[in-house]
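Single-structure report; data block below.
The values are calculated or read from the model by the stated rules, or taken from the named source; none is laboratory data. Note that this is a predicted model, so its numbers are computed, not measured. Please note: Cβ atoms are built from the backbone with ideal geometry, for glycine as well, and neighbour counts cover all protein chains shown. Surface areas here come from the heavy atoms of the whole protein model, side chains and all, with no ligands, DNA or RNA. Shrake-Rupley method; radii C 1.70, N 1.55, O 1.52, S 1.80 Å.
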Amino acid sequence: MELTLNEKKLLAVLAPLRSAGPAKLSEKLGTKEESVIQWGHLLEDRGLATVDRVVTSRYYLTPE
């Protein structure tokens, strides 16, 4: 199994962190969050990483 250069870079950045969100990883890699997510899914397909999607809902009162 041959990894792409971007997959290798993501693994190198992720390894010492063990877990990180796309914002932190994209900052460290100097790329877009969407790219990091795509590379993460490719690594997940190869069994080298796990991608978890977390959705947070927040509710706020309006002035009315």
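Taking the inverse of the mean reciprocal distance over all distinct Cα pairs, the Kirkwood hydrodynamic radius of the chain comes to 13.0 Å.
Each peptide in 54-61, 16-23 receives the mean, over its residues, of other Cβ atoms within 10 Å, and ordering these scores from highest gives 16-23, 54-61.
Provide the FRET efficiency to the nearest 0.05 for the residue 28-residue 54 pair, computing r from the beta carbons and using R0 = 22 Å. Result of the calculation: an efficiency of 0.65.
Positive-end ranking of 41, 30, 61 along the dipole of the chain, with charges on Cβ about the Cα centre, is headed by 30.
What accessible area per residue comes out for the chain, rounded to a whole number of Å², with a 1.4 Å probe? Show your work: numbers first, answer last.
Working: 5470 Å² over 64 residues.
Here the per-residue accessible area is 85 Å².
Only protein atoms count toward the accessible area here, which uses a 1.4 Å probe; on the chain, the carbon and sulfur part of that area reaches 51 percent.
For residue 49, the residues 5 or more places off, or on other chains, whose built amide H falls under 5 Å of its own are 44.
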